[in-house]
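Laboratory data are not the source of any read-out in this text; all were calculated from the coordinates shown. Here the structure is a predicted model, which means the values were calculated and not measured. Counting neighbours? That spans all protein chains shown, and the Cβs are built from the backbone with ideal geometry, glycine included.
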Amino acid sequence: MKITVIGRQINVYEDTKDLINKKLSKFDKYFAGEGEATATLCCKHNLKYMEITIFASNTLFRSEVGADSFREALDGCIENIIRQIRKNKTRLAKRLREDAFDYAAPDVEDPIPMEDEDQPIIRTKSFPIKPMSPEEAILQMNLLGHQFFVFNDDQTNKTCVVYRRKDDTYGLIIPEAN
C-alpha cells in the first residue's frame, strides 16, 4: 500500500512516519497492496488530530480522530476504519456491481452556513460523477462519513443527492424537469 503522511502547520518526525507506516501496513491483508492511504496530522485546540483516508478496491474509507497524542489518534483511526471495513464487507460483496466505485470520490467538507450573500466562497471542489443506484450512493456516503452525497442516478441519468436526516433515515433529492 502506498502511504502518504502530511503535516498541516506542523513538522512530522520520522519516528511518527514510521509508526504510521507500520500501523497502516495492517490494511494490506484487506486490500492486497493495491490501496493508497493518506494520513494528515494537525494540532487544534490543544488536541492532536489525525485523519486517515484509504482509497482501495475503488472504495474510500475515512476516519478522523482527535486525542491527546498522535499515537492515540492513530489507534482510534485504525479502529474506526477496521470497523467500517467489517461492517460494509458483506454489503459491498452482495449489493454492488464490481465497478461501482470506479472513480475518486471527493473529500468534501461540511458546507459553511451562509448568513450573508456577501460572503465569498472559500473552497470549491470538482469531481467526476459516476452513475450508481441510490443504495450505492448511501453506502459511499456512509463510508466517507458525510451528511450528503451527489451522484448520477443510473436509471434516470439525473444528478441526484442522498442525505442523512436527523432521525438517521435517508432522503433522496431528485430534480424536476422544467
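Numbers below:
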| item | result |
| --- | --- |
| Computed magnitude of the charge dipole of segment 2-88 (debye, nearest 20; Cβ of K, R +1, Cβ of D, E -1) | 220 debye |
| Gain upon complete extension [Thr4, Glu135; 0.36 nm per residue less C-alpha separation] | 44.1 nm |
| Placed amide H near Ile3: partners under 5 Å, 5+ positions off or other chain | Ala37 |
| Net +/- balance of residues flanking Ile174 in space, Cβ distance below 15 Å, scoring K and R +1, D and E -1 | -3 |
| Extension gain (nm, one decimal) between Glu14 and Lys89, 0.36 nm per residue minus Cα-Cα | 23.7 nm |
| Neighbour-limited loop hits for GluC sites (Glu not before Pro), segment 135-178 (at most 16 other Cβ within 10 Å; DSSP other than H, G, I, E, B) | Glu176 |
| For peptides 82-89, 152-159, 164-171, sequence by mean Cβ density within 10 Å, most packed first | 82-89, 152-159, 164-171 |
| Whole-Hz ³J(HN,Hα) from phi, Karplus 6.51 cos²θ - 1.76 cosθ + 1.60, for segment 63-76, glycine and proline x | 8, 9, 9, x, 8, 6, 9, 5, 4, 5, 5, 4, 4, x |
| Subset of Lys89/Lys130; Lys26/Lys87; Lys44/Lys125; Lys22/Lys87; Lys48/Lys89; Lys26/Lys48 violating a 27 Å alpha-carbon distance limit | Lys48/Lys89 |
| For segment 2-88, convex hull volume per residue from C-alpha positions, Å³ | 83 Å³ |
